[in-house]
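The values are calculated or read from the model by the stated rules, or taken from the named source; none is laboratory data. This one's a predicted model, so the numbers in the text were calculated from it and none came from an experiment. As a convention, Cβ positions derive from the backbone with ideal geometry for all residues, glycine included, and neighbour counts pool all protein chains shown.
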Amino acid sequence: MSGGMAGSPMIEVWRGSARQWEVDEMGHWNTQYYVARANEGLAILFGFNGLPGLFSPGSATTVAFNEHHIRFHREAHAGAPLHMTGGFLEIGEATAFAVLVLYHSETGQVAATFRVRVTHVHASDGVTSLPWPAAFREKAFAALVETPKEAAPRGTNDAPVAMTASRERAVELSLKRTAMSLIERDSCDAFGRMGPQKFIGAVGGGVKQLTGPLRALVAELAETPPGKVGGAVLEFRIVYGDCPRLGDCFEIWAGLEKTDKRTMSLIFWMVDPFNGRVFGSMQSVAIVFDLDARAIVEISPAATKALTEHVTKGLAL
């Protein structure tokens, strides 16, 4: 039950602002909070289509996240008023593919886009799939939307992918362990499962372990010397594996996949440090950012050559 009838208008599913305590050291809204608000918008989208309790602790069913594709278009600063629209692109027997667009409310400019693939599952185990209620499928299918051009992939591949991540491969490829921690209560949903924003939060918390030396190289070898440098993300593709739960521990392993004149493609694997379960894999299209000029620092030919030594061959989602 997908395609063919798309073309309905997207509906508003969230409205609020970027909070002061959600802003990072770069002065912009941290990426994990974009995803947290997208989760809220997704819940409201399902509610408007007949499943208002899908994320409530008493629900017999919920959704499992399969994949996120996210693009960041314009940064948001503390206090920025924002709103979000959403709709379904596809509805399957037990799956859904949704799109969400976050806007700056004062200008109408796109701040970020999200495409999200989920599966309808039993809440008891979070894994066993089951068909959507007929009323939901009919209502959602009758209002399918088209993908906004801003939400289309740009620096990531959109084809189906089988994850290559494993703890053994991370060690074999000499990837860098950038984070190691515990899934705590504030990272979990109503069913004790880690929310997808925690994946991004965990990656972001340790990302400088990998990117610090890479940014320094780009800045040092830039053709036009930048001011104070930091980093920013343009695009994410996340493929989820086993979902960690409250009390589980995790590691993030990371490496540089490739570079071009403006961006670096980074790969992050989230795994269980004890038994090797793979929780997810993420491709991040990142830039070196001149914090004074609020502009991208171009990767010079000399920097490209220097970064080659840091590229991990064979690294992929």
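For this structure, a couple of remarks:
- Condition check for residue 161: part of a loop (DSSP other than H, G, I, E, B), over 19 Å from residue 240 (Cα atoms), in contact with a Leu (Cβ under 7 Å, 6 or more places away or on another chain) and not basic (Lys, Arg): no
- Verdict on residue 268 being surrounded by 24 or more Cβ atoms within 10 Å (Cβ to Cβ) and not β-branched (Val, Ile, Thr): yes
- When the range 7-41 is filtered for residues that are outside any loop (DSSP other than H, G, I, E, B), touching a residue at least 60 places away in the same chain (Cβ under 8 Å) and farther than 19 Å from residue 188 by Cα, the ones remaining, listed by number, are 11, 12, 13, 14, 15, 16, 17.
- Residue 175 falls short on exactly one of the conditions (1) modelled with pLDDT of 95 or more; (2) surrounded by fewer than 19 Cβ atoms within 10 Å (Cβ to Cβ); (3) in contact with a Lys or Arg (Cβ under 9 Å, 6 or more places away or on another chain), and that condition is (2).
- Restricting attention to the range 42-70, the residues being charged (D, E, K, R) and part of a loop (DSSP other than H, G, I, E, B) number 0.
- Meets criteria (touching an Asp or Glu at 6+ places or on another chain (Cβ under 9 Å) and either surrounded by fewer than 18 Cβ atoms within 10 Å (Cβ to Cβ) or not small (Gly, Ala, Ser) (or both)) for residue 129: yes
- Highlighted here would be strands (runs of 3 or more DSSP E) found entirely within the range 224-317 that include at least 2 residues which are assigned by TED's automatic domain parsing to the domain that holds residue 35, at pLDDT 95 or above and of a type in the set (D, E, K, R), but there are none.
- Whenever a residue of the range 214-242 is under 22 Å from residue 163 (Cα atoms), its partners that are assigned to a helix (DSSP H, G or I), lying with C-beta atoms within less than 6 angstrom and at least six residues away or across chains, give the pairs 233/31.
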